[in-house]
1. Determine if segment 150-171 includes at least one residue that is over 23 Å from E60 (Cβ atoms), basic (K, R), open to solvent by 10 Å² or more (accessible area, probe 1.4 Å) and at pLDDT below 95.
2. If we keep just the residues of segment 398-427 that are part of a loop (DSSP other than H, G, I, E, B) and under 11 Å from the mean Cα position of the chain (by Cα), which is modelled with the lowest pLDDT?
3. Please note which strands (runs of 3 or more DSSP E) are completely contained in segment 318-397 and include at least 1 residues that are crowded, with 20+ Cβ neighbours inside 10 Å, of a type in the set (A, V, I, L, M) and touching a residue at least 24 places away in the same chain (Cβ under 8 Å).
4. Looking only at segment 1-33, which residues are within 25 Å of A143 (Cα to Cα), loosely packed, with under 14 Cβ neighbours inside 10 Å and either touching a Pro at 6+ places or on another chain (Cβ under 7 Å) or modelled with pLDDT of 95 or more (or both)?
5. Just give me the residues in segment 297-316 being closer than 18 Å to D53 by Cβ and assigned to a loop (DSSP other than H, G, I, E, B), in sequence order.
6. Could you check segment 428-442 and list, in sequence order, the residues that are open to solvent by less than 60 Å² (accessible area, probe 1.4 Å) and in a strand (DSSP E or B)?
7. Report yes if some residue within segment 34-57 is among the charged types (D, E, K, R), surrounded by 16 or more Cβ atoms within 10 Å (Cβ to Cβ) and in contact with a strand residue (DSSP E or B) (Cβ under 7 Å, 6 or more places away or on another chain); otherwise report no.
8. With respect to S37, determine if the residue is closer than 30 Å to A143 by Cβ, in contact (Cβ under 8 Å) with a residue 24 or more places away in the chain and among the small types (G, A, S).
Amino acid sequence: MQQLEMQAILQKQRAYFKTGATLPLKFRIDALKKLQSYIKKNEQEITSALTTDLGKSAIEGFMCEIGLVLSEISYMLKNIKKFAADEKKKTCITNFAAKSYVKKSPRGVILIMSPWNYPFLLTLEPLVDALAAGNTAIIKPSAYSAATSKVIDKMMKECFAPEYVTVITGGRAENQSLLEQKFDYIFFTGSHKVGREVMKKAADNFTPVTLELGGKSPCIVDKTAKIALAAKRIVWGKFLNCGQTCVAPDFILCHESIKTELITALKQQILVQFGVVPLANNSYGKIINKKHFDRICSLIDPSKIVCGGKSDAAILKIEPTIMDNISWKDPVMTQEIFGPVLPVLTYSTEEELLHILNSRARPLALYLFTTNQALEQKILSRCSFGGGCVNDTIVHLATNNMGFGGVGESGMGAYHGKVGFDTFSHTKTIVNKKNWIDVKMRYQPYTGAKERVLRRFLK
(Lines give C-alpha, C1' and ligand atoms only; values in the text may rest on other atoms or scores of the structure.)
Protein backbone atom coordinates (compact mmCIF):
# COMPACT_ATOMS: atom_id res chain seq x y z
CA MET A 1 0.00 0.00 0.00
CA GLN A 2 1.33 3.43 -0.93
CA GLN A 3 1.93 6.13 1.65
CA LEU A 4 -0.75 8.36 0.12
CA GLU A 5 -3.31 5.59 0.61
CA MET A 6 -2.30 5.26 4.25
CA GLN A 7 -2.63 9.00 4.74
CA ALA A 8 -6.11 8.90 3.21
CA ILE A 9 -7.18 6.08 5.56
CA LEU A 10 -5.80 7.94 8.54
CA GLN A 11 -7.57 11.17 7.54
CA LYS A 12 -10.88 9.35 7.13
CA GLN A 13 -10.51 7.75 10.56
CA ARG A 14 -9.61 11.06 12.15
CA ALA A 15 -12.60 12.76 10.52
CA TYR A 16 -14.88 9.93 11.66
CA PHE A 17 -13.54 10.10 15.21
CA LYS A 18 -14.16 13.84 15.32
CA THR A 19 -17.86 13.28 14.58
CA GLY A 20 -18.20 11.70 18.03
CA ALA A 21 -19.69 8.51 16.57
CA THR A 22 -17.47 6.25 18.72
CA LEU A 23 -18.28 7.98 22.01
CA PRO A 24 -21.66 6.48 22.99
CA LEU A 25 -21.36 3.35 25.11
CA LYS A 26 -24.03 1.65 23.01
CA PHE A 27 -21.86 2.07 19.92
CA ARG A 28 -18.86 0.54 21.68
CA ILE A 29 -20.88 -2.33 23.11
CA ASP A 30 -22.39 -3.11 19.71
CA ALA A 31 -18.90 -3.16 18.18
CA LEU A 32 -17.63 -5.61 20.79
CA LYS A 33 -20.67 -7.83 20.30
CA LYS A 34 -20.04 -7.89 16.53
CA LEU A 35 -16.50 -9.10 17.14
CA GLN A 36 -17.71 -11.66 19.66
CA SER A 37 -20.33 -13.05 17.30
CA TYR A 38 -17.98 -13.19 14.34
CA ILE A 39 -15.27 -15.05 16.29
CA LYS A 40 -17.72 -17.62 17.61
CA LYS A 41 -19.19 -18.24 14.15
CA ASN A 42 -15.81 -18.46 12.45
CA GLU A 43 -13.73 -20.25 15.07
CA GLN A 44 -12.83 -23.07 12.70
CA GLU A 45 -11.48 -20.67 10.08
CA ILE A 46 -9.37 -18.88 12.69
CA THR A 47 -8.11 -22.19 14.07
CA SER A 48 -7.10 -23.38 10.59
CA ALA A 49 -5.14 -20.17 10.02
CA LEU A 50 -3.26 -20.62 13.30
CA THR A 51 -2.46 -24.21 12.32
CA THR A 52 -1.18 -23.07 8.94
CA ASP A 53 1.04 -20.37 10.41
CA LEU A 54 2.34 -22.04 13.56
CA GLY A 55 1.15 -25.63 13.59
CA LYS A 56 -1.14 -24.97 16.55
CA SER A 57 -3.67 -27.64 17.43
CA ALA A 58 -7.32 -26.67 17.80
CA ILE A 59 -7.18 -26.88 21.59
CA GLU A 60 -4.00 -24.80 21.84
CA GLY A 61 -5.38 -22.26 19.40
CA PHE A 62 -8.50 -21.87 21.50
CA MET A 63 -6.79 -22.01 24.90
CA CYS A 64 -4.03 -19.55 24.08
CA GLU A 65 -5.59 -17.24 21.50
CA ILE A 66 -9.27 -17.43 20.55
CA GLY A 67 -10.56 -18.16 24.05
CA LEU A 68 -8.53 -15.38 25.62
CA VAL A 69 -9.88 -12.86 23.11
CA LEU A 70 -13.44 -13.96 23.84
CA SER A 71 -12.71 -13.68 27.55
CA GLU A 72 -11.46 -10.10 27.11
CA ILE A 73 -14.57 -9.17 25.14
CA SER A 74 -16.87 -10.68 27.78
CA TYR A 75 -14.98 -8.88 30.53
CA MET A 76 -15.25 -5.55 28.73
CA LEU A 77 -18.96 -6.00 28.03
CA LYS A 78 -19.53 -6.71 31.70
CA ASN A 79 -17.50 -3.77 32.99
CA ILE A 80 -17.44 -1.09 30.28
CA LYS A 81 -20.04 1.14 31.94
CA LYS A 82 -18.05 1.17 35.17
CA PHE A 83 -14.72 1.72 33.38
CA ALA A 84 -16.08 4.64 31.32
CA ALA A 85 -17.92 6.38 34.16
CA ASP A 86 -16.63 9.60 35.68
CA GLU A 87 -14.71 9.00 38.91
CA LYS A 88 -15.53 11.37 41.75
CA LYS A 89 -12.58 12.81 43.65
CA LYS A 90 -12.43 14.68 46.94
CA THR A 91 -12.26 18.45 46.51
CA CYS A 92 -9.66 20.20 48.63
CA ILE A 93 -10.84 23.02 50.86
CA THR A 94 -8.99 25.64 48.82
CA ASN A 95 -11.32 24.88 45.90
CA PHE A 96 -14.52 25.27 47.93
CA ALA A 97 -17.19 25.12 46.58
CA ALA A 98 -16.70 22.71 43.68
CA LYS A 99 -17.09 19.19 42.39
CA SER A 100 -13.93 17.31 41.32
CA TYR A 101 -13.79 14.29 39.07
CA VAL A 102 -11.77 12.55 36.36
CA LYS A 103 -13.28 11.86 32.96
CA LYS A 104 -12.14 9.12 30.57
CA SER A 105 -11.87 10.17 26.94
CA PRO A 106 -10.71 8.06 23.97
CA ARG A 107 -7.29 8.98 22.63
CA GLY A 108 -8.36 9.05 18.98
CA VAL A 109 -6.82 7.10 16.10
CA ILE A 110 -4.81 4.11 17.33
CA LEU A 111 -2.12 2.13 15.50
CA ILE A 112 -1.86 -1.50 16.62
CA MET A 113 1.22 -3.32 15.34
CA SER A 114 1.09 -7.02 16.23
CA PRO A 115 3.58 -9.93 16.02
CA TRP A 116 3.49 -13.36 14.43
CA ASN A 117 3.86 -15.65 17.46
CA TYR A 118 0.31 -15.16 18.79
CA PRO A 119 -1.09 -13.43 15.73
CA PHE A 120 -4.77 -13.56 16.67
CA LEU A 121 -4.52 -12.88 20.41
CA LEU A 122 -1.95 -10.08 20.21
CA THR A 123 -3.91 -8.29 17.50
CA LEU A 124 -7.43 -8.67 18.81
CA GLU A 125 -6.90 -8.23 22.55
CA PRO A 126 -5.46 -4.69 22.30
CA LEU A 127 -8.10 -3.93 19.67
CA VAL A 128 -10.86 -4.94 22.10
CA ASP A 129 -9.44 -2.57 24.73
CA ALA A 130 -9.04 0.24 22.18
CA LEU A 131 -12.59 -0.05 20.85
CA ALA A 132 -14.04 -0.34 24.34
CA ALA A 133 -12.33 2.95 25.18
CA GLY A 134 -13.97 4.60 22.15
CA ASN A 135 -11.14 4.86 19.63
CA THR A 136 -10.78 4.06 15.95
CA ALA A 137 -7.97 1.72 14.94
CA ILE A 138 -5.58 0.87 12.15
CA ILE A 139 -4.19 -2.64 12.51
CA LYS A 140 -0.87 -3.80 11.07
CA PRO A 141 -0.45 -7.57 11.59
CA SER A 142 2.78 -9.42 10.87
CA ALA A 143 3.59 -10.54 7.35
CA TYR A 144 5.08 -13.77 8.74
CA SER A 145 1.70 -15.06 9.96
CA ALA A 146 0.05 -14.52 6.59
CA ALA A 147 -2.89 -16.92 7.01
CA THR A 148 -4.02 -15.36 10.29
CA SER A 149 -3.49 -11.84 8.95
CA LYS A 150 -5.78 -12.69 6.03
CA VAL A 151 -8.49 -13.92 8.41
CA ILE A 152 -8.19 -10.78 10.56
CA ASP A 153 -8.43 -8.57 7.47
CA LYS A 154 -11.58 -10.40 6.36
CA MET A 155 -13.07 -10.15 9.86
CA MET A 156 -12.59 -6.39 10.12
CA LYS A 157 -14.04 -5.76 6.65
CA GLU A 158 -17.14 -7.77 7.52
CA CYS A 159 -17.58 -6.26 10.98
CA PHE A 160 -16.63 -2.60 10.61
CA ALA A 161 -16.46 0.32 8.21
CA PRO A 162 -12.86 1.22 7.22
CA GLU A 163 -13.15 4.66 8.82
CA TYR A 164 -13.61 2.79 12.13
CA VAL A 165 -11.23 -0.18 11.84
CA THR A 166 -8.86 -0.91 8.97
CA VAL A 167 -6.25 -3.63 8.45
CA ILE A 168 -3.10 -2.83 6.50
CA THR A 169 -1.11 -5.89 5.44
CA GLY A 170 2.42 -6.07 4.12
CA GLY A 171 5.95 -6.08 5.46
CA ARG A 172 8.70 -3.66 6.41
CA ALA A 173 7.83 -1.05 3.80
CA GLU A 174 4.29 -0.78 5.13
CA ASN A 175 5.59 -0.65 8.72
CA GLN A 176 7.91 2.22 7.85
CA SER A 177 5.21 4.12 6.00
CA LEU A 178 2.77 3.76 8.88
CA LEU A 179 5.34 5.00 11.39
CA GLU A 180 5.78 8.17 9.35
CA GLN A 181 2.14 9.06 10.04
CA LYS A 182 0.87 10.91 13.08
CA PHE A 183 -1.29 8.71 15.29
CA ASP A 184 -2.80 9.53 18.65
CA TYR A 185 -1.40 6.34 20.21
CA ILE A 186 0.78 3.44 19.06
CA PHE A 187 0.52 -0.03 20.56
CA PHE A 188 3.40 -2.26 19.47
CA THR A 189 4.18 -5.88 20.28
CA GLY A 190 7.37 -7.35 18.86
CA SER A 191 11.15 -7.29 18.91
CA HIS A 192 13.49 -4.88 20.67
CA LYS A 193 14.95 -3.80 17.34
CA VAL A 194 11.64 -2.74 15.83
CA GLY A 195 10.45 -1.41 19.20
CA ARG A 196 13.31 1.09 19.24
CA GLU A 197 12.37 2.25 15.75
CA VAL A 198 8.72 2.62 16.78
CA MET A 199 9.69 4.74 19.76
CA LYS A 200 11.99 6.96 17.69
CA LYS A 201 9.31 7.60 15.08
CA ALA A 202 6.65 8.18 17.72
CA ALA A 203 8.86 10.76 19.43
CA ASP A 204 8.89 12.87 16.25
CA ASN A 205 5.13 13.37 16.65
CA PHE A 206 4.99 13.30 20.47
CA THR A 207 2.89 10.15 20.12
CA PRO A 208 2.58 8.07 23.32
CA VAL A 209 3.36 4.37 22.98
CA THR A 210 2.94 1.03 24.64
CA LEU A 211 5.80 -1.33 23.83
CA GLU A 212 5.35 -5.03 24.58
CA LEU A 213 8.80 -6.50 23.91
CA GLY A 214 10.46 -9.45 25.61
CA GLY A 215 13.83 -10.56 26.95
CA LYS A 216 15.49 -13.49 28.65
CA SER A 217 12.93 -14.39 31.30
CA PRO A 218 14.55 -16.44 34.08
CA CYS A 219 12.99 -19.48 35.71
CA ILE A 220 14.42 -19.94 39.20
CA VAL A 221 14.12 -23.29 40.93
CA ASP A 222 15.04 -23.19 44.61
CA LYS A 223 16.19 -26.25 46.56
CA THR A 224 12.86 -26.22 48.46
CA ALA A 225 10.75 -26.42 45.27
CA LYS A 226 8.38 -29.29 44.54
CA ILE A 227 10.57 -30.64 41.74
CA ALA A 228 8.10 -32.92 39.94
CA LEU A 229 5.38 -30.26 39.82
CA ALA A 230 7.87 -27.56 38.87
CA ALA A 231 9.14 -29.66 35.97
CA LYS A 232 5.60 -30.24 34.69
CA ARG A 233 4.76 -26.55 34.72
CA ILE A 234 8.11 -25.45 33.29
CA VAL A 235 7.88 -27.88 30.37
CA TRP A 236 4.34 -26.73 29.61
CA GLY A 237 5.25 -23.04 29.69
CA LYS A 238 8.56 -23.32 27.88
CA PHE A 239 7.45 -25.48 24.96
CA LEU A 240 3.98 -23.99 24.50
CA ASN A 241 3.78 -22.65 20.92
CA CYS A 242 7.12 -24.36 20.30
CA GLY A 243 8.82 -21.91 22.65
CA GLN A 244 7.73 -18.89 20.61
CA THR A 245 6.20 -16.99 23.52
CA CYS A 246 7.47 -13.62 24.74
CA VAL A 247 7.01 -14.66 28.37
CA ALA A 248 8.31 -18.21 28.01
CA PRO A 249 10.92 -19.27 30.57
CA ASP A 250 14.08 -18.47 28.61
CA PHE A 251 16.47 -20.36 30.88
CA ILE A 252 16.49 -22.20 34.18
CA LEU A 253 18.56 -20.94 37.09
CA CYS A 254 18.42 -23.67 39.72
CA HIS A 255 20.18 -24.34 43.00
CA GLU A 256 23.21 -26.50 42.30
CA SER A 257 22.07 -29.15 44.78
CA ILE A 258 18.94 -30.07 42.79
CA LYS A 259 20.13 -29.72 39.19
CA THR A 260 20.40 -33.44 38.46
CA GLU A 261 17.00 -34.20 39.99
CA LEU A 262 15.41 -31.33 38.10
CA ILE A 263 16.85 -32.30 34.71
CA THR A 264 15.64 -35.87 35.22
CA ALA A 265 12.14 -34.58 36.01
CA LEU A 266 12.17 -32.23 32.99
CA LYS A 267 13.14 -35.08 30.66
CA GLN A 268 10.34 -37.22 32.09
CA GLN A 269 7.80 -34.43 31.56
CA ILE A 270 8.88 -33.90 27.95
CA LEU A 271 8.23 -37.60 27.38
CA VAL A 272 4.84 -37.42 29.10
CA GLN A 273 3.65 -34.25 27.37
CA PHE A 274 5.12 -34.69 23.87
CA GLY A 275 5.71 -38.42 23.47
CA VAL A 276 8.69 -40.49 22.40
CA VAL A 277 8.86 -38.72 19.01
CA PRO A 278 7.86 -35.07 19.54
CA LEU A 279 8.50 -34.23 15.88
CA ALA A 280 5.65 -36.58 14.96
CA ASN A 281 3.26 -35.11 17.55
CA ASN A 282 0.52 -33.19 15.71
CA SER A 283 -0.22 -31.19 18.85
CA TYR A 284 3.33 -29.84 18.95
CA GLY A 285 3.72 -26.67 16.91
CA LYS A 286 6.33 -25.55 14.40
CA ILE A 287 8.73 -22.68 13.97
CA ILE A 288 7.25 -19.77 12.03
CA ASN A 289 9.73 -19.84 9.12
CA LYS A 290 13.12 -21.08 7.90
CA LYS A 291 14.94 -17.94 9.04
CA HIS A 292 13.94 -18.45 12.65
CA PHE A 293 14.38 -22.21 12.40
CA ASP A 294 18.02 -21.74 11.34
CA ARG A 295 18.63 -19.13 14.04
CA ILE A 296 17.35 -21.41 16.81
CA CYS A 297 19.30 -24.40 15.51
CA SER A 298 22.48 -22.30 15.56
CA LEU A 299 22.03 -21.82 19.33
CA ILE A 300 22.09 -25.55 20.04
CA ASP A 301 25.50 -26.93 21.06
CA PRO A 302 25.38 -30.71 20.37
CA SER A 303 27.98 -31.35 23.08
CA LYS A 304 25.69 -29.86 25.74
CA ILE A 305 22.38 -31.51 24.83
CA VAL A 306 20.92 -33.71 27.57
CA CYS A 307 17.48 -34.10 26.00
CA GLY A 308 16.08 -33.64 22.49
CA GLY A 309 18.14 -31.75 19.93
CA LYS A 310 16.69 -33.29 16.77
CA SER A 311 15.06 -31.15 14.11
CA ASP A 312 13.36 -31.41 10.72
CA ALA A 313 13.79 -28.49 8.35
CA ALA A 314 11.11 -29.85 6.01
CA ILE A 315 8.39 -29.32 8.63
CA LEU A 316 10.18 -26.57 10.61
CA LYS A 317 10.12 -28.51 13.86
CA ILE A 318 12.73 -28.71 16.61
CA GLU A 319 12.41 -31.16 19.48
CA PRO A 320 11.99 -29.83 23.02
CA THR A 321 15.66 -29.52 23.91
CA ILE A 322 17.47 -29.21 27.23
CA MET A 323 21.10 -28.09 27.44
CA ASP A 324 23.36 -28.46 30.48
CA ASN A 325 26.82 -27.17 31.47
CA ILE A 326 25.99 -23.79 29.98
CA SER A 327 27.97 -20.61 30.60
CA TRP A 328 26.76 -17.03 30.26
CA LYS A 329 29.02 -16.65 27.23
CA ASP A 330 27.39 -19.47 25.23
CA PRO A 331 25.45 -18.24 22.15
CA VAL A 332 22.20 -19.51 23.66
CA MET A 333 22.64 -17.02 26.54
CA THR A 334 23.47 -13.97 24.43
CA GLN A 335 20.00 -13.46 22.94
CA GLU A 336 16.35 -14.23 23.62
CA ILE A 337 15.93 -17.83 22.47
CA PHE A 338 12.29 -17.67 21.36
CA GLY A 339 12.26 -21.35 20.56
CA PRO A 340 12.13 -24.83 22.15
CA VAL A 341 15.61 -24.77 23.71
CA LEU A 342 16.01 -24.68 27.48
CA PRO A 343 19.46 -24.03 28.98
CA VAL A 344 20.06 -24.98 32.62
CA LEU A 345 22.39 -22.91 34.81
CA THR A 346 23.00 -23.02 38.55
CA TYR A 347 23.61 -20.81 41.56
CA SER A 348 24.91 -21.65 45.02
CA THR A 349 23.74 -18.86 47.36
CA GLU A 350 20.84 -16.44 47.51
CA GLU A 351 23.18 -13.48 47.20
CA GLU A 352 24.71 -14.97 44.07
CA LEU A 353 21.21 -15.51 42.69
CA LEU A 354 20.26 -11.89 43.32
CA HIS A 355 23.51 -10.67 41.77
CA ILE A 356 22.90 -12.74 38.63
CA LEU A 357 19.34 -11.48 38.25
CA ASN A 358 20.08 -7.83 38.93
CA SER A 359 23.17 -7.61 36.73
CA ARG A 360 21.22 -8.34 33.57
CA ALA A 361 18.55 -6.59 31.52
CA ARG A 362 15.15 -6.46 33.19
CA PRO A 363 13.03 -9.28 31.71
CA LEU A 364 9.39 -9.31 30.71
CA ALA A 365 8.72 -12.19 33.12
CA LEU A 366 10.30 -13.97 36.07
CA TYR A 367 9.29 -17.35 37.44
CA LEU A 368 10.19 -18.64 40.87
CA PHE A 369 9.62 -22.17 42.13
CA THR A 370 10.04 -22.34 45.88
CA THR A 371 8.32 -23.05 49.19
CA ASN A 372 10.66 -20.63 50.97
CA GLN A 373 8.53 -17.55 51.64
CA ALA A 374 11.50 -15.46 52.75
CA LEU A 375 13.27 -16.10 49.44
CA GLU A 376 10.03 -15.42 47.57
CA GLN A 377 9.68 -11.98 49.15
CA LYS A 378 13.36 -11.20 48.60
CA ILE A 379 13.20 -12.00 44.88
CA LEU A 380 9.88 -10.22 44.29
CA SER A 381 10.93 -7.08 46.14
CA ARG A 382 14.56 -6.78 45.03
CA CYS A 383 14.37 -7.81 41.36
CA SER A 384 12.84 -5.74 38.56
CA PHE A 385 10.74 -7.50 35.90
CA GLY A 386 7.48 -7.04 34.06
CA GLY A 387 5.39 -9.67 35.84
CA GLY A 388 5.53 -13.34 36.67
CA CYS A 389 4.48 -16.30 38.74
CA VAL A 390 5.46 -18.11 41.90
CA ASN A 391 5.32 -21.88 41.34
CA ASP A 392 3.96 -21.62 37.80
CA THR A 393 4.74 -20.14 34.38
CA ILE A 394 2.93 -18.02 31.76
CA VAL A 395 -0.47 -17.89 33.48
CA HIS A 396 -0.09 -14.41 34.96
CA LEU A 397 -0.96 -12.88 31.59
CA ALA A 398 -4.16 -14.89 31.21
CA THR A 399 -6.27 -12.77 33.54
CA ASN A 400 -8.50 -9.78 32.85
CA ASN A 401 -8.18 -8.58 36.44
CA MET A 402 -4.51 -7.57 36.23
CA GLY A 403 -2.52 -5.60 33.71
CA PHE A 404 0.33 -7.12 31.73
CA GLY A 405 3.42 -5.31 30.50
CA GLY A 406 7.17 -4.92 30.68
CA VAL A 407 9.69 -2.66 32.36
CA GLY A 408 12.83 -1.06 30.98
CA GLU A 409 14.27 -3.14 28.13
CA SER A 410 11.28 -5.48 28.16
CA GLY A 411 8.77 -2.76 27.37
CA MET A 412 6.60 0.00 28.76
CA GLY A 413 2.92 0.38 29.42
CA ALA A 414 0.40 -2.38 30.00
CA TYR A 415 -3.00 -3.69 28.98
CA HIS A 416 -5.69 -6.33 29.75
CA GLY A 417 -9.02 -5.51 31.37
CA LYS A 418 -9.35 -2.15 33.10
CA VAL A 419 -5.64 -1.45 32.64
CA GLY A 420 -6.15 -1.88 28.89
CA PHE A 421 -9.18 0.40 28.90
CA ASP A 422 -7.14 3.03 30.73
CA THR A 423 -4.19 2.62 28.37
CA PHE A 424 -6.34 3.65 25.41
CA SER A 425 -8.03 6.48 27.34
CA HIS A 426 -6.93 9.95 28.28
CA THR A 427 -7.92 10.86 31.82
CA LYS A 428 -9.06 14.47 32.13
CA THR A 429 -9.05 16.03 35.57
CA ILE A 430 -12.00 18.38 36.04
CA VAL A 431 -12.90 20.87 38.75
CA ASN A 432 -16.46 22.16 38.34
CA LYS A 433 -16.65 25.35 40.40
CA LYS A 434 -19.92 26.63 41.83
CA ASN A 435 -21.16 30.16 41.12
CA TRP A 436 -23.02 30.86 44.35
CA ILE A 437 -19.85 31.72 46.27
CA ASP A 438 -16.45 33.15 45.33
CA VAL A 439 -13.69 32.93 47.93
CA LYS A 440 -11.56 36.05 47.55
CA MET A 441 -8.42 34.70 49.19
CA ARG A 442 -6.61 33.99 45.93
CA TYR A 443 -7.13 37.41 44.38
CA GLN A 444 -4.86 40.47 44.55
CA PRO A 445 -4.09 42.45 46.59
CA TYR A 446 -2.26 39.98 48.84
CA THR A 447 -2.37 41.21 52.42
CA GLY A 448 -0.71 39.81 55.49
CA ALA A 449 -4.00 38.34 56.65
CA LYS A 450 -4.47 36.48 53.35
CA GLU A 451 -0.96 35.06 53.57
CA ARG A 452 -1.53 33.76 57.09
CA VAL A 453 -4.75 32.04 56.07
CA LEU A 454 -3.21 30.54 52.92
CA ARG A 455 -0.24 29.17 54.82
CA ARG A 456 -2.58 27.63 57.36
CA PHE A 457 -4.61 25.72 54.73
CA LEU A 458 -1.85 24.82 52.27
CA LYS A 459 0.65 23.28 54.70
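The values are calculated or read from the model by the stated rules, or taken from the named source; none is laboratory data. Fair warning: this is a prediction, and the values are worked out from it, not measured in the lab. All Cβ positions, glycine included, derive from the backbone under ideal geometry; neighbour counts span all protein chains shown. Just the protein is used for accessible areas: all its heavy atoms, side chains included, with ligands, DNA and RNA removed. Shrake-Rupley method; radii C 1.70, N 1.55, O 1.52, S 1.80 Å.
1. The answer is no, given that none of the residues of segment 150-171 is over 23 Å from E60 (Cβ atoms), basic (K, R), open to solvent by 10 Å² or more (accessible area, probe 1.4 Å) and at pLDDT below 95.
2. Only one residue fits best here, namely A398.
3. Where strands (runs of 3 or more DSSP E) fall fully within segment 318-397 and carry at least 1 residues being crowded, with 20+ Cβ neighbours inside 10 Å, of a type in the set (A, V, I, L, M) and touching a residue at least 24 places away in the same chain (Cβ under 8 Å), they are 321-323, 341-347, 365-369.
4. Passing the criteria: only Q11.
5. From segment 297-316, those closer than 18 Å to D53 by Cβ are 312-316; that's our starting set.
Passing the criteria: A313, A314, I315, L316.
6. I430, the sole residue that qualifies.
7. Within segment 34-57 (the criterion being among the charged types (D, E, K, R), surrounded by 16 or more Cβ atoms within 10 Å (Cβ to Cβ) and in contact with a strand residue (DSSP E or B) (Cβ under 7 Å, 6 or more places away or on another chain)), the answer is no, since none of the residues qualifies.
8. No; evaluated as a whole, the condition is false for this residue.
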